[in-house]
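The values are calculated or read from the model by the stated rules, or taken from the named source; none is laboratory data. Keep in mind the model is a prediction, meaning the values are calculated, not measured. Because the Cβ atoms are built from the backbone with ideal geometry, glycine has one as well, and the counts that use them run over all protein chains shown. Surface areas here come from the heavy atoms of the whole protein model, side chains and all, with no ligands, DNA or RNA. Shrake-Rupley method; radii C 1.70, N 1.55, O 1.52, S 1.80 Å.
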Amino acid sequence: DVLVGDLWAEAKAIALREHGAGIYVGDHLGDIRGAVAANALSVTVPTGPYGAEELREAGADVVLADGLPGFPAWLTGHLTAGG
């Protein structure tokens, strides 16, 4: 696990690429933009300032409507499917 601060939106791609991240979980439109810039799968949770529909419209690959509690099951299914 790595914590990187002081990066916003597309700048987050710097850290995502540096650490080989294939999935990025966030709750903000800037998180989606960072994931896209890093060619990572954008997984979002509607627990921040944006709702599920806004996250979808902004280009999130996955919206976990039940928030972070749904992430472990989603990740297991994603990895099982070969993701």
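Show the residue pairs meeting these rules: Cβ distance below 7 Å; 6+ apart or different chains; first residue within segment 7-30 and over 24 Å from Gly82 (Cα atoms); second residue open to solvent by 50 Å² or more (accessible area, probe 1.4 Å) and in a helix (DSSP H, G or I).
Matching pairs, first to second residue: Leu7/Ile14; Ala9/Arg33; Glu10/Arg33.
Do you know which residues across segment 37-51 are in contact with an Asp or Glu (Cβ under 8 Å, 6 or more places away or on another chain), modelled with pLDDT of 95 or more and of a type outside the set (Phe, Trp, Tyr)?
Ala37, Leu41, Ser42, Val43, Thr44, Val45, Pro46
Across segment 37-83, what is the number of residues that are in a loop (DSSP other than H, G, I, E, B) and either open to solvent by 70 Å² or more (accessible area, probe 1.4 Å) or among the hydrophobic types (A, V, I, L, M, F, W, C) (or both)?
13
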